[in-house]
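Just below is one structure, and these are the notes that go with it.
The values are calculated or read from the model by the stated rules, or taken from the named source; none is laboratory data. Not measured: the values here are computed from a predicted model. Positions of Cβ are backbone-derived with ideal geometry, glycine not excepted, and every protein chain shown enters the neighbour counts.
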Amino acid sequence: MCEANAYFKSNGQEVLFMESVDVIEPYEDGLKLVDIFGRQKFVRAKIKDMTLLNHRIVLEETVGFKHDTE
């Protein structure tokens, strides 16, 4: 399995944002994440770092941070 969990770094700790992320689509104002079940979330953030061997994606808030569940 190649999916990963997405986390936000907040106050020095990583907080789980979405599990089993399969697809990340970049947009001008943020990222759309899609999990293995087809659930989608849009977040105004950027990728801070990724370690696919450990199945981890760390996101960083951008100006106008907001996330929506579709």
Kindly indicate whether Glu60 is at pLDDT below 95 and under 10 Å from the mean Cα position of the chain (by Cα).
yes
Filter the range 14-62 for residues that are in a strand (DSSP E or B) and among the hydroxyl-bearing types (Ser, Thr, Tyr) and give the result.
Ser20, Tyr27, Thr51
Can you find a residue in the range 11-25 that is in contact (Cβ under 8 Å) with a residue 40 or more places away in the chain and at negative phi?
yes
